[in-house]
Amino acid sequence: MKVEKHWWHSPSLGIPMPVAVYGHWGTPLLFFPTASADFEELERFGMIDALAHHIEAGRVKIVSCNAINDLSWFDYGLHPGERVWRQELYDRYLVRELVPFIWNNCGGRVPIGTVGASMGAYHAMNAFGRHPGIFRSTITMSGFYNISRYHQGEWNELCYFHNPTCYLANAWHSPDKWLLDSASINVICGQGPWERVEFATQMHEVLNAGGIPHTFDLWGHDVSHDWPWWKKQMNHYIWKLYS
């Protein structure tokens, strides 16, 4: 399998932002890490090995990035307004730096999918929801989507537009509605240990409220909030969407 690792100092964030790319061909899937993890998380937990047959067959190319949760949402030493501002800077990094990198790596302006589990599902849904002309599909597993707990009472335009449970509920009025309608949106959650089905259900209800077609897929009561099941879900959805 072709594996590339790249580092550059992000002008948007002012810090180094490493990226790993797995594969030579296929639809690029931008994979966001869980919570405080990093761009090599997929290797450590065996996701790349689990998806190797898809990657080597050229169905998908996996791009694994860093998040900045410890410098934004999780830093309670910051004013909530500064936390959401740092999330805005992260969004600029994605669109102004990482997306052009992916296009260059793929040889053109190809549609990109977003993927994430747990906190990574928030980033996957938010990146997709804010930029549906760039990101044409999303697979979110065991997700956490309502970021308002980190606002701590702060509310401004950026808080609204970085909370997909807010702005996607009002998608009827968005000029991007046709892009949302034509995308592939997949909200997946198990019903077993450590899963929070209510988070996925809320996202499903939000998408319904916004009139956005999507797949809401609840797996069984044995399906836990953990990597073995996320590997199975990813294998299933790559077969389903990219074969």
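What follows is calculated from the coordinates using simple rules that are stated; it is not laboratory data. Just so it is clear, the model here is predicted, and its values are computed rather than measured. Note: ideal-geometry Cβ built from the backbone for every residue, glycine included; neighbour counts use all protein chains shown.
Rounded to the nearest 20 Debye, what is the dipole magnitude of segment 74-155 about its Cα centre when Lys and Arg each give +1 and Asp and Glu each give -1 at the C-beta?
With Lys and Arg at +1 and Asp and Glu at -1, about 240 debye.
Taking the convex hull of the Cα atoms, report for segment 131-243 its projected area averaged over all directions, in nm².
If I average the Cα hull's projected area over directions, I get 7.7 nm².
Give the calculated FRET efficiency between W155 and I15 to the nearest 0.05, with a Förster radius of 22 Å applied to their Cβ-Cβ distance.
0.20
Assuming 1.567 mPa s and 4 °C, estimate D for the chain with Stokes-Einstein, Rh taken as the Kirkwood radius over Cα pairs, in µm²/s.
In µm²/s, the coefficient rounds to 72.
For the chain, what does the helix formula give at 222 nm: sum of -39500 (n - 2.57) over DSSP H segments with n ≥ 4, over the residue count, nearest 500 deg cm²/dmol?
It comes out at -10000 deg cm²/dmol, rounded to the nearest 500.
What list of ³J(HN,Hα) couplings, whole Hz, do you get for segment 53-64 from phi and the Karplus terms 6.51, -1.76, 1.60, once you set θ to phi - 60° and write x for glycine and proline?
5, 6, 5, 6, 7, x, 6, 9, 10, 8, 10, 10
Report the residue, chosen from G113, G153, G190, that carries the largest GNM mean-square fluctuation when the chain is represented by alpha-carbon nodes joined by springs under 10 Å.
Maximum among the listed residues: G153.
State the antiparallel share, in %, of DSSP beta bridges confined to segment 3-242, rounding to the nearest 5.
Bridges in segment 3-242 that DSSP calls antiparallel: roughly 25 percent.
Stokes-Einstein D for segment 77-158 at 20 °C, 1.002 mPa s, Kirkwood Rh over Cα pairs, in µm²/s?
For the chosen part, D equals 156 µm²/s.
What are the extents of the Cα atoms of segment 1-113 along their three principal axes, listed from largest to smallest and rounded to whole Å?
47, 30, 21
Could you count how many Lys pairs in segment 3-242 have their Cα atoms under 16 Å apart, skipping same-chain pairs fewer than 8 positions apart?
5
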